[in-house]
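The values are calculated or read from the model by the stated rules, or taken from the named source; none is laboratory data. Just so it is clear, the structure is predicted and the values come from calculations on it, not from any experiment. Positions of Cβ are generated from backbone atoms using ideal geometry, with glycine treated the same way; all protein chains shown enter the neighbour counts.
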């Protein structure tokens, strides 16, 4: 009797405080019925948006973990990468995927580079260059609008037309990933809404999900969103249903958290909504973008 639970190797950092990175990835994908095998890039006391935190770089340990997995002949069904601490870590991950990937394995890359038109603290242009290489290996990528522009070497602009966005998604897809999902896309003339756009090269179709925008910032929602997308695709959901499932879950998490007197830096209260991942889609809100 073989273990039929699919394995996801999650290449993310581990923060002791805050529902981000592995502290979001593991509970979400475990709740969806998958075994999460962490390949931690760093250990932090708390994520980097806190005013103070400790940071342990695990670059050398990543190599040792991978070497031991190779000796054990471990097989993974999905490779899922998020925050990478250095260009060297990106190179380690590229080599790891090329060595371990099977013919039917899925690679999901969340290209964590920046937001609101700027790179995150500690992210360099060299890191952007390595991320462009890494997405060549991906089946699915989930950049926000800022990261989309950096990956395409285009100047950031806050507003973008459907035609421009469709072209940008297709251009990125032509570089490797069959599915490109752009998050945090503003809705023209409606500051109370935000959109997620996606392109699937198989079928050459574009999809959009629009949801209400709540005026609160919770770190880790991007990690949670991509984790739900990953789990949904692994369990056989179509791309538009995966988009619906992920956006609805994030919205449920934000709404469950929003009413509390609560430090937003801790992220959404995942524990209050994880059970919703077992529920069918409530209302399909995806649109086909012509």
Could you say whether any residue in region 153-162 is closer than 26 Å to residue 217 by Cβ, touching a residue at least 60 places away in the same chain (Cβ under 8 Å) and part of a loop (DSSP other than H, G, I, E, B)? no
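For region 200-207, check the following and say yes or no: at least one residue is closer than 24 Å to residue 25 by Cα, at pLDDT 95 or above, in contact with a helix residue (DSSP H, G or I) (Cβ under 6 Å, 6 or more places away or on another chain) and not in a loop (DSSP other than H, G, I, E, B). Walk me through it before giving the result.
Step one: filter region 200-207 for residues closer than 24 Å to residue 25 by Cα, giving 200.
Still in the running and at pLDDT 95 or above: 200.
Subsequent filtering for residues that are in contact with a helix residue (DSSP H, G or I) (Cβ under 6 Å, 6 or more places away or on another chain) retains 200.
Narrowing the set further to residues that are not in a loop (DSSP other than H, G, I, E, B) leaves 200.
Yes, some residue in region 200-207 is closer than 24 Å to residue 25 by Cα, at pLDDT 95 or above, in contact with a helix residue (DSSP H, G or I) (Cβ under 6 Å, 6 or more places away or on another chain) and not in a loop (DSSP other than H, G, I, E, B).
Conditions tested, residue by residue: (1) surrounded by fewer than 18 Cβ atoms within 10 Å (Cβ to Cβ); (2) more than 17 Å from residue 265 (Cα to Cα); (3) modelled with pLDDT under 95.
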| site | (1), (2), (3) |
| --- | --- |
| 20 | no, no, yes |
| 29 | no, yes, no |
| 47 | no, no, yes |
| 53 | yes, no, yes |
| 63 | yes, yes, no |
| 83 | no, yes, yes |
| 96 | no, yes, no |
Could you please let me know if residue 226 is surrounded by 20 or more Cβ atoms within 10 Å (Cβ to Cβ), at pLDDT below 95 and within 27 Å of residue 162 (Cβ to Cβ)? no
Which members of region 1-45 meet the condition of being over 15 Å from the mean Cα position of the chain (by Cα), in a loop (DSSP other than H, G, I, E, B) and either free of Cβ contacts under 8 Å to residues at least 60 places away in the same chain or within 17 Å of residue 111 (Cα to Cα) (or both)? 1, 2, 3, 4, 5, 16, 39, 40, 41, 45
Test of understanding: among 130, 67, which residue is touching a helix residue (DSSP H, G or I) at 6+ places or on another chain (Cβ under 6 Å) and in a helix (DSSP H, G or I)? 130
Go through region 49-85 and give me each residue that's out of contact with any strand residue (DSSP E or B) (no Cβ under 8 Å at 6 or more places or on another chain), more than 25 Å from residue 105 (Cβ to Cβ) and in contact (Cβ under 8 Å) with a residue 24 or more places away in the chain. 49, 50
